[in-house]
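The block underneath contains the structure these notes are about, expressed in structure tokens.
The values are calculated or read from the model by the stated rules, or taken from the named source; none is laboratory data. Every value quoted in this text rests on a predicted model; they were computed, and no experiment measured them. No Cβ is skipped: glycine too gets one built from the backbone with ideal geometry, and neighbour counts run over all protein chains shown.
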Ligand code: ADP
Ligand code: ZN
Ligand code: ZN
């Protein structure tokens, strides 16, 4: 009998290796990548797993036999299995966690008897979920909301959360208190529709888009030529200022790739950006495309899987997780806005999308194209010194000028008696824009109402009891909310510490700013876009639709409003407080600030009228701010890279974060030290003194507690990442550290250290 090496679907370090099983003769078609059910443990409990190898012999005796195959579970290709092994070793995740990036691991299956044979079937692969969406008549909805009895509350609720993208009954029930009766009467009134499964798979299918070709300008053509002439799999960085027509270049590259019968992955940093790109791709290529992002449920994911696998789609668009599209013949991977930190996963598996893309390049021989107006310092460094080809688009299309940026020192505003968060220059700009019917985008890096509540008498700050971090006041619910664990609490009217009543909220968040704007500009229609207002499915799309069709004067929001959008009528952009990213304790703070200012400024003046930008700050002389004034990426890069070099930060090193969390403060410190010492010993035993020098001592985390768990960590700043990965991988299998009970987090080049 043949033997299969199988990974068991259990996330546990003792089981993070394969187990051998006999393949019974009636299942001799079992192959690598097949999902199977096996008996496991002393009690022979049935459990599912994945076959990773077929072999003739095993070094173990007394093997058990595979029970069956989960027949409607998608099969992983060989290269996908290889990728999972690679992720296990390079991102220090469990093998089955890597598998779950490709296909949901937690799906239930059942045993069924077909023709007297035992088979296993996924429970819900054939989804019988009902979906609803607004009918084509939007105007009806507005009329209805305006005229209907206020007590038809449920119907109003349903209408306000639906749009033209189907929402499942399950989601709707989560968002509203609707009943079957509510939906039935809305359907009878013609306001909403129940829709079939085809629509679910591709909500964009019914719409007709059109995005005709633009004649390439000199620089766009040069980029296309470089791509077409590349003989071997290459990586390109398109550094193009905002509005330079990067998307047009991407579409041409896609065209070239599908001509060769290969597939394209088009990644954007956030779901909010997918709709605009979907319209452009579908408008250009007149075909359906795959769409993958983290908001898909397991069933939708399997639908996408099957369509991509069977080559129904040769273009797949999505956020970070789309890098795991099961496309067997990838020819091109595009990463738009490549500098965004959302490309780095901060949950297990803690992968970096570029890292996965490079591994795919090795396996598929595909091209990688990174695009940005503000490339990450690391990518730009590699483009100058290493193997990335740099392509520049230095001008906006059609000779549209770059927006004019004005820096306002908020200290001067205070001296002049202006105590509001809006400077005089910005105030005037907004006022003029409202008068002339032009649109404004305002960017503020903080959610909520104000940053924290504190006592002016004794300095007491309201902190989350679980997380050791100050809580944020949310005006809509009149509660304090912890942005780390979502813990809520009441706002104290008397200081718990000194009993004074001088406890107030200070600072400003998006919610508070929205209220202030209503007061200053009562005639303006204001749209707010932040995590709190974008909870509902489809909320992004409807907000973007509203703004681009001119239904609002001001779009106010967090980072979500800074990137990618191409709104023609926006002529003013305001950065409310540029310092908010400058002061975070992170070596990337300056880079982040420069990128945010340049990106959000790039939303202004993309149409026929000149754009203006007002950047408000208390640190007008910081280089991130002064250099963004003249859109001077190169000077910024020079300044930043010399700082990185001096401090030996990336790209001159890699940072490995090794952290531990535990409810017990003493245990977590002990465990962190234990791991640190084991690693140290390991290096010394192997005579790797160069590596020892790169380790920093264990320390208590800057946020010492999150969700009631204490945190300790140490970092390694290394130029030997490969060696370290190997050593850490082996150390994790070592019995010496098996008594560590704290949760271990290993993160290679993390976005931030909490
Ligand atoms: P970017 O992604 O670089 O910020 P976009 O790709 O959104 O810029 O392009 C900005 C605008 O210019 C879009 O409306 C696009 O249709 C248009 N455009 C792109 N290339 C050209 C071209 N060669 N000639 C004229 N217009 C163009
Ligand atoms: Zn007090
Ligand atoms: Zn908390």
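Checking 396, 350 one by one, the residue that is farther than 24 Å from residue 245 by Cβ and touching a residue at least 12 places away in the same chain (Cβ under 8 Å) is 350 and no other.
When residue 308 is tested against (1) under 21 Å from residue 370 (Cα atoms); (2) crowded, with 21+ Cβ neighbours inside 10 Å, only condition (1) is not met. How many of the residues in the range 630-661 are closer than 23 Å to residue 388 by Cβ, in contact (Cβ under 8 Å) with a residue 60 or more places away in the chain and within 27 Å of the chain's Cα centre (by Cα)? So the answer is 13.
Quick check on my filter: what residues within the range 48-75 are assigned to a loop (DSSP other than H, G, I, E, B), within 30 Å of the chain's Cα centre (by Cα) and without any contact (Cβ under 8 Å) to a residue 60 or more places away in the chain? Hits for the range 48-75 are 72, 73, 75.
Matching residues to (1) closer than 25 Å to residue 433 by Cβ; (2) within 16 Å of ligand 1 (Cβ to nearest atom); (3) within 25 Å of the chain's Cα centre (by Cα):
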position: 490; (1), (2), (3): no, no, no
position: 497; (1), (2), (3): no, no, no
position: 503; (1), (2), (3): no, no, no
position: 511; (1), (2), (3): yes, no, yes
position: 528; (1), (2), (3): yes, no, yes
position: 532; (1), (2), (3): no, no, yes
position: 543; (1), (2), (3): yes, no, yes
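Is one or more of the residues making up the range 514-523 in contact with a strand residue (DSSP E or B) (Cβ under 6 Å, 6 or more places away or on another chain) and farther than 30 Å from residue 371 by Cβ? There is at least one residue in the range 514-523 that is in contact with a strand residue (DSSP E or B) (Cβ under 6 Å, 6 or more places away or on another chain) and farther than 30 Å from residue 371 by Cβ. Of all residues in the range 392-418, those being within 16 Å of ligand 1 (Cβ to nearest atom) and part of a strand (DSSP E or B) number 2. Number of residues in the range 326-337 that are surrounded by 24 or more Cβ atoms within 10 Å (Cβ to Cβ) and in a loop (DSSP other than H, G, I, E, B): the value is 2. For the range 83-142, a residue qualifies if it is assigned to a loop (DSSP other than H, G, I, E, B), surrounded by 14 or more Cβ atoms within 10 Å (Cβ to Cβ), out of contact with any strand residue (DSSP E or B) (no Cβ under 7 Å at 6 or more places or on another chain) and at pLDDT below 85, and the qualifying residues are 103, 104, 105, 124, 125, 127.
When you look at residue 555, is it free of Cβ contacts under 8 Å to residues at least 40 places away in the same chain, away from ligand 1 (no atom under 16 Å from the Cβ), touching a strand residue (DSSP E or B) at 6+ places or on another chain (Cβ under 7 Å) and not in a loop (DSSP other than H, G, I, E, B), yes or no? Against the criterion (free of Cβ contacts under 8 Å to residues at least 40 places away in the same chain, away from ligand 1 (no atom under 16 Å from the Cβ), touching a strand residue (DSSP E or B) at 6+ places or on another chain (Cβ under 7 Å) and not in a loop (DSSP other than H, G, I, E, B)), residue 555 does not qualify. When we screen 581, 531 for residues that are more than 20 Å from residue 247 (Cα to Cα) and within 16 Å of ligand 3 (Cβ to nearest atom), the only hit is 531. Before we move on, is residue 583 free of Cβ contacts under 8 Å to residues at least 24 places away in the same chain and either over 21 Å from the mean Cα position of the chain (by Cα) or on the phi < 0 side of the Ramachandran plot (or both)? Yes; evaluated as a whole, the condition is true for this residue.
Yes or no, residue by residue, for (1) near ligand 1 (Cβ under 9 Å from one of its atoms); (2) more than 24 Å from the chain's Cα centre (by Cα); (3) at pLDDT below 95; (4) under 22 Å from residue 373 (Cα atoms):
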| residue | (1), (2), (3), (4) |
| --- | --- |
| 209 | no, yes, yes, no |
| 216 | yes, yes, no, yes |
| 222 | no, yes, no, yes |
| 228 | no, yes, no, no |
| 231 | no, yes, yes, no |
| 237 | no, no, no, yes |
| 242 | yes, no, yes, yes |
| 246 | yes, no, no, yes |
| 251 | yes, no, no, yes |
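Scanning the range 279-296 for residues that are touching a strand residue (DSSP E or B) at 6+ places or on another chain (Cβ under 8 Å) and farther than 13 Å from residue 101 by Cα, we see that the one that is nearest to ligand 2 (Cβ to nearest atom) is 291.
Is it fair to say residue 610 is away from ligand 3 (no atom under 16 Å from the Cβ), buried (at least 18 other Cβ atoms within 10 Å of the Cβ) and touching a residue at least 24 places away in the same chain (Cβ under 8 Å)? No, not satisfied. When you scan the range 235-253, do you find a residue that is buried (at least 22 other Cβ atoms within 10 Å of the Cβ), under 26 Å from residue 75 (Cβ atoms) and more than 16 Å from ligand 3 (Cβ to nearest atom), even just one? Within the range 235-253, none of the residues are buried (at least 22 other Cβ atoms within 10 Å of the Cβ), under 26 Å from residue 75 (Cβ atoms) and more than 16 Å from ligand 3 (Cβ to nearest atom). The set of residues in the range 6-24 that are in a strand (DSSP E or B) and either under 16 Å from residue 48 (Cβ atoms) or touching a helix residue (DSSP H, G or I) at 6+ places or on another chain (Cβ under 8 Å) (or both) comprises 6, 7, 8, 19, 21. Restricting 190, 181 to residues that are farther than 26 Å from residue 321 by Cβ, in a loop (DSSP other than H, G, I, E, B) and at pLDDT 80 or above narrows the list to 190. Is it the case that some residue within the range 423-446 is surrounded by fewer than 21 Cβ atoms within 10 Å (Cβ to Cβ), away from ligand 1 (no atom under 16 Å from the Cβ) and at pLDDT below 85? No, the conditions are met nowhere in the range 423-446.
Taking the range 416-474 as the range and being without any contact (Cβ under 8 Å) to a residue 12 or more places away in the chain and within 16 Å of residue 493 (Cα to Cα) as the test, the residues that pass are 459, 461, 463.
Would you check if there is a residue in the range 591-600 being touching a helix residue (DSSP H, G or I) at 6+ places or on another chain (Cβ under 9 Å) and assigned to a loop (DSSP other than H, G, I, E, B)? No, the range 591-600 contains no residue that is touching a helix residue (DSSP H, G or I) at 6+ places or on another chain (Cβ under 9 Å) and assigned to a loop (DSSP other than H, G, I, E, B). Give me the pairs: first residue in the range 482-499 and within 15 Å of residue 447 (Cα to Cα), second residue part of a loop (DSSP other than H, G, I, E, B) and near ligand 2 (Cβ under 10 Å from one of its atoms), beta-carbon distance under 6 Å, and six or more apart or on different chains, which are they? Final answer for the pair search is none.
Those strands (runs of 3 or more DSSP E) of the range 422-516 that lie entirely within it include none in which at least 3 residues are away from ligand 2 (no atom under 14 Å from the Cβ) and on the phi > 0 side of the Ramachandran plot.
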